[in-house]
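Here's the structure, in structure tokens; my notes come after.
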Amino acid sequence: MSGFTVKPEPVQVPGLTHLHTGKVRELYATASGELVMVATDRVSAYDWVLPTEIPDKGRLLTALSLWWFERLADLAPSHVLSDAPPPGAPADWKGRTLVCRRLDMVPVECVARGYLTGSGLAEYREGGAVCGVALPAGLEDGSRLDEPVFTPATKAEVGEHDENVSFEAVSAQVGAELAGELRELTLALYGRGREIAEERGVLLADTKFEFGRDAGGRLVLADEVLTPDSSRFWPAEGWAPGRPQPSYDKQIIRDWLTSAESGWDRAADTPPPPLPDEVVERTRAKYVEVYERLTGTPVPFG
Ligand SMILES: CCOC(=O)Cn1cc(-c2ncnc(N)c2C#N)cn1
């Protein structure tokens, strides 16, 4: 089992209909049919949503996503209509709420990988390929790929892993033309993100985009983009293929959870314990650090 230690009770807001509780976000609908995506301060690790929140995580990742949407706009329009919480929303939704166009979502997790790690590495070790794309022999954990690879996945339920699928399977599911568009756009968006991140000393190992189609059938960038929840960001100075790379935002939590101090046994499939204040504070500082290093600006709130 994994997922939530305690399933959160969503905030009810007059005029909004609660649609979905994700691991770290809540989705609502307005009476006029727009979507309201609220990023919480929840954090997940090892497929568990932890019982301890990271203060300001929701606002930091929302601000970062908006920053990226602006820098990707020439490649793909986004679903964002406004960052102003709807009337009647709780005051603490400010800065972590996006009002979005409702799209006809494409049921594919569009992942691009520029480095080999995680499920991609596991698949490569099994058969020398990822999502049916053969890779050179001798690659290690953290190896940079000669060319970024489109490695789509099907969306899993909370607590489950997305399942990597081949381009052919995506083509069979959504049609060859759209599959080709998804691959081309995903790789272009990844290339842009990687280029901007590397200028700032941050490696974008991989990322996941979600797309929908608007009433005119145009592909629109949805969900969040290029945040530490949808991507793996590594500090360039710490990169060394052949071992797990230090994750910008999750490493502190992972290291504590797997330390004797936590008393948690990941293999026992029991919920992880609350995080110590020091781990929370250091993790918050990492989210601030990745925001400020990528955007070059101080966090947009006190
Ligand atoms: C609670 C977090 O989970 C999600 O937001 C996943 N999800 C997104 C949609 C969606 N549906 C129509 N239009 C959109 N613009 C979007 C977006 N983004 C549905 N689920």
I'd like to check something: does the stretch 136-144 contain any residue that is at pLDDT 95 or above, among the hydrophobic types (A, V, I, L, M, F, W, C), outside the structural domain of GLY15 (by TED's automatic domain parsing) and crowded, with 18+ Cβ neighbours inside 10 Å?
yes
Selection from the stretch 108-150 of residues β-branched (Val, Ile, Thr) and over 15 Å from the mean Cα position of the chain (by Cα) yields THR117, VAL130, VAL133, VAL149
Between GLY132, GLY159, GLY128, which is out of contact with any Lys or Arg (no Cβ under 7 Å at 6 or more places or on another chain) and at pLDDT below 95?
GLY159
Return yes or no: is GLY238 surrounded by fewer than 16 Cβ atoms within 10 Å (Cβ to Cβ) and farther than 19 Å from ARG71 by Cα?
yes
State whether the residues of the stretch 59-77 include one that is closer than 30 Å to ARG183 by Cβ, open to solvent by 40 Å² or more (accessible area, probe 1.4 Å) and of a type in the set (Gly, Ala, Ser).
yes
Based on what the data block shows, is PHE69 closer than 19 Å to GLU157 by Cβ and aromatic (Phe, Trp, Tyr)?
no
Among residues belonging to the stretch 55-93 that are aliphatic (A, V, I, L, M) and in contact (Cβ under 8 Å) with a residue 60 or more places away in the chain, point out the one that is farthest from LEU187 (Cα to Cα).
ALA89
Being without any contact (Cβ under 8 Å) to a residue 40 or more places away in the chain, within 27 Å of ASP255 (Cα to Cα) and open to solvent by less than 60 Å² (accessible area, probe 1.4 Å): is that true of GLY3 here?
no
Breaking point among (1) more than 20 Å from TYR291 (Cα to Cα); (2) open to solvent by less than 30 Å² (accessible area, probe 1.4 Å), for ASP104:
(2)
In the stretch 1-57, how many residues are in contact with a strand residue (DSSP E or B) (Cβ under 7 Å, 6 or more places away or on another chain), part of a loop (DSSP other than H, G, I, E, B), hydroxyl-bearing (Ser, Thr, Tyr) and at pLDDT 95 or above?
1
When the stretch 133-165 is checked residue by residue, the ones that are of a type in the set (A, V, I, L, M) and within 24 Å of ALA179 (Cβ to Cβ) are VAL133, ALA134, LEU135, LEU145, VAL149, ALA153, ALA156, VAL165
Given the residues ASP265, ASP277, ASP229, which is the only one that is in contact (Cβ under 8 Å) with a residue 60 or more places away in the chain and of a type in the set (Asp, Glu)?
ASP229
Given the conditions (1) touching a residue at least 24 places away in the same chain (Cβ under 8 Å); (2) in contact with a helix residue (DSSP H, G or I) (Cβ under 7 Å, 6 or more places away or on another chain), and given that PRO246 satisfies all but one, which numbered condition is not satisfied?
(1)
I want to confirm something. Restricting to the stretch 18-48 and keeping residues that are away from the ligand (no atom under 12 Å from the Cβ) and of a type in the set (A, V, I, L, M), which single residue is nearest to LEU98 (Cα to Cα)?
ALA31
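The values are calculated or read from the model by the stated rules, or taken from the named source; none is laboratory data. Only a predicted model underlies this, so the values are computations on that prediction, with no experimental measurement involved. Because the Cβ atoms are built from the backbone with ideal geometry, glycine has one as well, and the counts that use them run over all protein chains shown. Keep in mind that these areas ignore ligands, DNA and RNA; they rest on the heavy atoms of the full protein, side chains included. Shrake-Rupley method; radii C 1.70, N 1.55, O 1.52, S 1.80 Å.
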